[in-house]
Structures are given as structure tokens and as C-alpha cells.
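Q: My structure is below; once you've seen it, I'll send some questions.
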């Protein structure tokens, strides 16, 4: 296990090197020295095109500020989620903490590990006004802002393979009933109806998020988020789970989905290779499908739409869920110089004109106001306008459940979702299990 | 006598003997320090943590028996124990006979056998994580070996179906560790005195008879050593299962070590995770002691009549 070995080495090196380090007296806790005294560290995610854009932003900043450099390190998504928690707990956090806001950020705030940026945003109103107001929700804990919204808005949308649809005479689904009919149609033709990277678990969760929203309305999960007793058995929950179970029973998801990981992008490969007809996924996959899928995206074979409504459901079909942004926080354990460097980085480099352009070029919508012109001029204008439309017109933009909840509740949720998709628990058991985790 | 002995001798004796035993004790110090720092101290820390509440980030708060209560009343614990023991038992059953046979085969001194020994050793050089990634790719239901070569038998949902997933874990574990245990058996077989086989041949015993009456009984302690390594080692399988299935599908391959990781590092429940760690240590100690018992007191002769 990488983490423990790392800690082990740190410990071993720590004992011997403590005096040597003390003699140097250069770096604060958990920072690798290098560059000037104000040099800061920054951990972020791998995976193109995002990784390259993050790196370019760091490089631009370092070029402009040779005295206060930022050292960036990239980690894989699922590994990073654990790594960053461990590092923060051990006082080894990087200066700039890349995150998803919400429940995870709340746990850092409660432990006093991240800087309060409310005043900084007050002094730099221009920065705040430039960003989507909706993106500040997950950055705000108890009325204070602890993170800078960054990168792109990423709602979950329904992708489909136009070529596969045309060949089989299928139409994009307009309702839940259509979805179930398409499942029968595609299964009959030997094509998987939906691609799904089920081993990552949060991928399965996206299905539940939409069905809960469309059937029970956004207030259903809001109740869970607020920790209301028995919120999981509120009206609509059981219906949503029953519908989802029907989809699983009807082999709606690709064979072997529970051993496919999203980190490997194998779920996307199934869609662009025509082995699966549809895929419910974050808009960030557009960029990677354009990257990896050959001419699939370029030739206009990728279709997209918002998740359709469910007849008789309470949720508004314009609603969406996903990531309202990414969130950059500053470690409160960093030195004063490092914090200054980080703030300078936020101010000058993050979402700079160059970075915004790079995100748009990659097929994503940055969390910056007034980019319509840039989006319209892009080669991916059609998709970007669609995403911009969803993000700006959604009646409710729900944050991904596992990011909104505390880590403890999120893990219990993901665990039960995996079991639900594996059919080892049914709707009633799921509701009972989840009600037991409320308030944790 | 001592009173009569000349003074220089009296001075000499205690220092020299004291020096000698002191020298021996001193040699144990580095190992002891390592064991204290990396074995005992963390163990005590984990024990202390199991009576506390900690999310891995904030403050550590004492919580009495809360963590123990929550873990012991959780149906996830018996399940994780069951999975652990299932993988342990199956991989022992699969590995022992194969390692034994390969070990006996490789004990011969023919040139080709020595070459094969080198080849067999290769899997041990690979890291578990790399192995897991490789097998995961090979067994992928859509892009793996089965669909790639169009072999229907291989085209199963290997890691997505509970029973198959356990089987795959056992297979990959065995694939990795059989070479190691074969090596142990090879050494064991080579230590058996040739005279025993010669005597058996004179008595007219065939190969099978020789194997069951000489090789197998002579390997008793080797089998116990290898089994102890297998059984206790299987308690700590983590990397391989984590990469291969992440405990899934559902919780079908969530062994104790994985359960501990998920509680501690994913759910931020360090208290309950420490409880599992303590349970792991106790189970490991129990198994190691039990296996030693199986070996008897170790004072009976293995070479009677040889």
C-alpha cells in the first residue's frame, strides 16, 4: 500500500533527518523545498485534458514569479481522494488543496485545516464577481468562504452514440418509459444499452441522483443533506429505487459493469466504440472522448441531452446534478509566504484568460461569467452552449451526493449503492441502511 | 576456590564472560529498536486509537468502547472475516499441493530443471499492484482476453460476479506466490538425506511410495513453515484485492484489511478501523500459534532409522 509505505518512509527519514532539517530551517511542515522561500505546493488530478491545463497554469505562474514558485504534483482521482485526507490529517497537506467543496471541505474546516478566504474575496471583489454565483455554494461553510471556485462547471448529462442510434432506428429518449424501451431494443441487437464504470461506485450514484430528483424532486436529497431523520424514506425514494432496480434487472447496464473503473475511461471507450449505446456521465468526459475516441467526437457521432423526465415525477426536467465547479483551498498549516504565493496564484493565474481559453478548447465550460462569445467561437460550440445552458438554466443544480455529504456518510452511501447495483440489497434494505447513517 | 584463586583471574573472569554475553545481547539491540519503533509503538497507538474517535483530520477524542461496539455489532465484520478466511483457505488448498509438487520436481539437479526453476521464479519479481492491473485488463469483460480472442469460455464476468471474483483473487494470489513456496519446498527436499531413498529403493519402494513415505513426512516442518507464511500472509492481502476488485462487486471480496482501509481512510472512521486492525493482529497471532502447535514440540527426531 502506497500510503502507508510513504508514511513509513517519512517517519524513518524524519527521525534521522530532523536535526538536518532544523539546521536548514527552510521549510514549514509538509513542504518540499525548492525555489524561493515563498515556494508553495499544489496537488491536483491526472487525466487529460485537465491535467495539462492545470500544469500549464502552474508553469505560467512560475514563469511570471521566479521567486515564489509553485510545485505541482498530479494524482489519479480515486487515489487522490484518500491521499489528500491522509496528508491533511498528518499535517503534510500541500499549500493549495484541490477539492470538490461540500462535505469534504466541511470536514477540513471543522478541523481548522483550511484558510478562511471570506475577507480575501471581500478585498478582491472583482475575482468574486467574475465567477458563477452558483459555484460558491459548495465553497461556503457556515456562511464563510473556504475555497476558490475554479476550473469548469460539470453537470451530469446523458451521452449517446448517434451512429448506433441511427443504425438501429432509435430515437433519443424523451421519458423514462422511452429509456426502458430502448433497453429492450438495444439488448435485442446485442448492444449494451448503457455503459457504466460501476467499480468506481460514484458512477452508479449518478443514476440514483437523477431518479431521486426526477421522481421525488430536489427536496428529497435536500432532506438527507440537512440530516432530517428518516429522510431516505421520504415520498419518492422507494419509487425511484424501484425504477432503478427495474433497469438493473432488465440488463440496462453493460455486462460486467461492476468491474469497470471510471479512472481507466473504459466506460467511455464502450460508448465511442459502439459497444454501448448510451452513457450517463459528467461533461468532463467530452474532452477525454474527443482525446481518446479518434474521430468519434469530431465527426459528430456523439449525442447529448439532459436526463429526461419521469412521468408523474415531481422534479423539474431542467434540474441537473454534478460538480458546480472545482474548489481550491489554502492549507492553514502553510507558512505565511506560501499562503501569499497561493493567493497570488489564485488572483493572477487561476482562470486567467489563457486558462479559460484552454478549458474552452478542451470542450468544457469554465465557471466564469460572460464567456458566451468564447464558447460560441469554439470548435465545440454546440456542446459548450448546451452545457452553459444547462448550468445557467437549471432550476436546481444539485451537488454530487458523495461530495455534498460528510466523508463518513458518503462512504456508507457508496457502499450501499454498490450493493444495490449488485442486487445484494433491495430498495427497502437500502432505505433502512441509509436512514441509519443520517447525521453521521 | 574463588578465595584461593589469584586476583588477576578473579578480575578477568567476570569481565570476559560479562563481555561475551553483553556482546550477544548488544547484537539484538538494532533489531529490537526496529521492532519497537515499527512494531510495538504503532500497535500500542492502534490499540489506543480503537478507544477514540478520529476522522483522520481533526482532533482525537476519547470515545470509550464506542468504536468496539459499532464494529462488533456491524454485520460487515462477520462478512469480512468470512471473506478473509475463505480466501485464506482456498489459496492454501490451491497453493500447497502445487508448490509441493513443483518444489519436489525442481529439487532434481538436472540442467533443464534448474532453468525451469529460474523461469518459475519470475512471477515473484512482479509487484502485486502491477499483477492486479494486468489481470484486470486481461479479464475485462469487454476489452479483455475473452472478447479479444473470441474464446467463449474466457468471456465471463470474472470480476463482476461474486463467486467468480473470489476465485480470481485466489488464482492471482496463487499465481504470484506459488513460486515462492516452491522454492521453500525445493530447499526442503534437497535436505532430505539421499541414504533414505537408497534404502527405500533397496527395499523395493516405488516412486509414489517414496514420495508418501519419505518426502512428505520429511517435509513436515517445511509444510508448517510454508503454511504459516501463507495463512498469516493472506491476512494482509490488500494491494492486490484493492486494485483488482476494490472489495467488490458489492462487498464480495472485502477482506479484513480492505474493510479496515475503507473504514479508516475512505469513511474517516479511524476508531473502528483501529478496532479491525486489533482484530487482525489477534487473528494473526492466534493462527501463527495454532500452526506452531500443529508442528508438535519439535523435539522428536525426523531422522529415526536413517
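Q: Please state, rounded to one decimal and in Å, the Kirkwood hydrodynamic radius that region A:37-183 gives when every pair of distinct Cα atoms enters the mean of 1/r.
A: Details: mean 1/r = 0.0544 Å⁻¹.
In region A:37-183 this quantity evaluates to 18.4 Å.
Q: Each label point is 7 Å from the Cα along the Cα-to-Cβ direction; what then is the distance between the points at residue A:189 and residue B:73, in nm?
A: Simple spin-label model gives 5.3 nm for this pair.
Q: Which order do the peptides B:24-31, A:387-394, B:238-245, A:369-376 take when ranked by the mean count of other beta-carbon atoms within 10 Å per residue, highest first?
A: Result, highest mean first: B:238-245, A:387-394, A:369-376, B:24-31.
Q: Order of A:51, A:382, A:151 from fewest to most other C-beta atoms within 10 Å? Present the calculation step by step, with values, prior to reporting the outcome.
A: On the way: A:51 15, A:382 12, A:151 27.
Fewest-to-most ranking of A:51, A:382, A:151: A:382, A:51, A:151.
Q: Mind checking B:140-151 for the average number of partner chain beta-carbons within 10 Å of each residue's beta-carbon?
A: Counting Cβ atoms of other protein chains within 10 Å of each residue's Cβ and averaging gives 3.
Q: For the pair residue B:116 and residue B:153, what calculated FRET efficiency results from E = 1/(1 + (r/R0)^6), where r is the Cβ-Cβ distance and R0 = 30 Å, to the nearest 0.05?
A: Computed FRET efficiency for residue B:153 and residue B:116: 0.65.
Q: With each label point set 7 Å from Cα along the Cα-Cβ vector, what nm distance links residue A:336 and residue A:392?
A: Distance between label points: 4.3 nm.
Q: Calculate the FRET efficiency for residue B:203 and residue B:124 from the Cβ-Cβ distance with a Förster distance of 22 Å, rounded to the nearest 0.05. Intermediate values should be presented prior to the final figure.
A: Working: r = 38 Å, r/R0 = 1.74.
Once the sixth-power term is evaluated, E becomes 0.05.
Q: Using only the alpha-carbon atoms, how far is helix A:202-211 inclined from the longest principal axis of chain A? Give it as 0 to 90 degrees, nearest 10.
A: Result, in degrees: 50.
Q: Something else: Relative contact order of region A:305-425: what whole-number percent is it, with Cα pairs under 8 angstrom and at least 6 residues apart?
A: 30
Q: So, one more: Could you put A:430, B:51, B:38 in order, starting from the residue whose Cβ has the fewest other Cβ atoms within 10 Å?
A: B:38, B:51, A:430
Q: Cα convex hull of region A:330-423: mean projected area in nm², to one decimal?
A: Numbers: hull surface 38.5 nm².
Seen from a random direction, the Cα hull of region A:330-423 projects 9.6 nm² on average.
Q: In what sequence do B:33, B:279, A:127, A:70 fall when counting other Cβ within 10 Å, fewest first? List each step's numbers first, then the result.
A: Numbers: B:33 10, B:279 20, A:127 15, A:70 25.
Ascending Cβ contact count within 10 Å gives the list B:33, A:127, B:279, A:70.
Q: For a quick size check, give me the Cα extents of region A:186-229 along its three principal axes, largest first, whole Å.
A: Largest to smallest, the principal-axis extents are 45, 23, 12 Å.
Q: Relative to the longest principal axis of chain A, what angle (0 to 90°, nearest 10) does the C-alpha long axis of helix A:77-89 take?
A: 40
Q: Computed from the mean reciprocal separation of all distinct C-alpha pairs, what Kirkwood hydrodynamic radius does chain B have, in Å?
A: Taking every pair of different Cα atoms in chain B, averaging 1/r and inverting gives 23.4 Å.
Q: Another question about this same structure. How high is the relative contact order of region B:150-306? Use alpha-carbon pairs under 8 Å, at least six apart in sequence, and give a whole percent. Could the numbers behind the result be given before it?
A: On the way: 105 pairs, mean separation 40.7, N = 157.
Contact order relative to length: 26 percent.
Q: Let me understand chain A better: what is its radius of gyration from the alpha carbons, and its Dmax, in angstrom?
A: When restricted to Cα atoms, chain A yields Rg and Dmax of 22.3, 74 Å.
Q: Let me check I have the definition right: for the protein assembly as shown, take the eigenvalues of the Cα gyration tensor, multiply each by 5, take square roots. What are those semi-axes in whole Å, largest first? Please report the intermediate quantities before stating the final value.
A: Details: eigenvalues 550, 257, 121 Å².
One finds semi-axes of 52, 36, 25 Å for the protein assembly as shown.
Q: Right, here's the next one. Sequence gap at least 6, Cα distance under 8 Å: using those rules, report the relative contact order of chain A to the nearest whole percent.
A: Details: 761 pairs, mean separation 108.9, N = 440.
Contact order relative to length: 25 percent.
Q: Across the residues of A:103-111, average count of Cβ atoms on other protein chains within 10 Å? Each step should come with its number before you reach the end.
A: On the way: counts 0, 2, 0, 0, 5, 2, 2, 4, 5.
The mean count of partner-chain Cβ atoms within 10 Å per residue comes to 2.
Q: If you don't mind, another one. Between residue A:353 and residue A:226, how many nm apart are label points set 7 Å from Cα along the C-beta direction?
A: 4.5
Q: Let me ask something else about it. Residue B:86 to residue A:246: FRET efficiency via 1/(1 + (r/R0)^6), r the Cβ-Cβ distance, R0 30 Å, to the nearest 0.05?
A: Working: r = 32 Å, r/R0 = 1.08.
Using R0 = 30 Å, I get an efficiency of 0.40.
Readers should treat all values here as calculations from the given coordinates under stated rules, not as data from a laboratory. Quick caveat, the model's predicted, so the values are computed rather than measured. Positions of Cβ are backbone-derived with ideal geometry, glycine not excepted, and every protein chain shown enters the neighbour counts.
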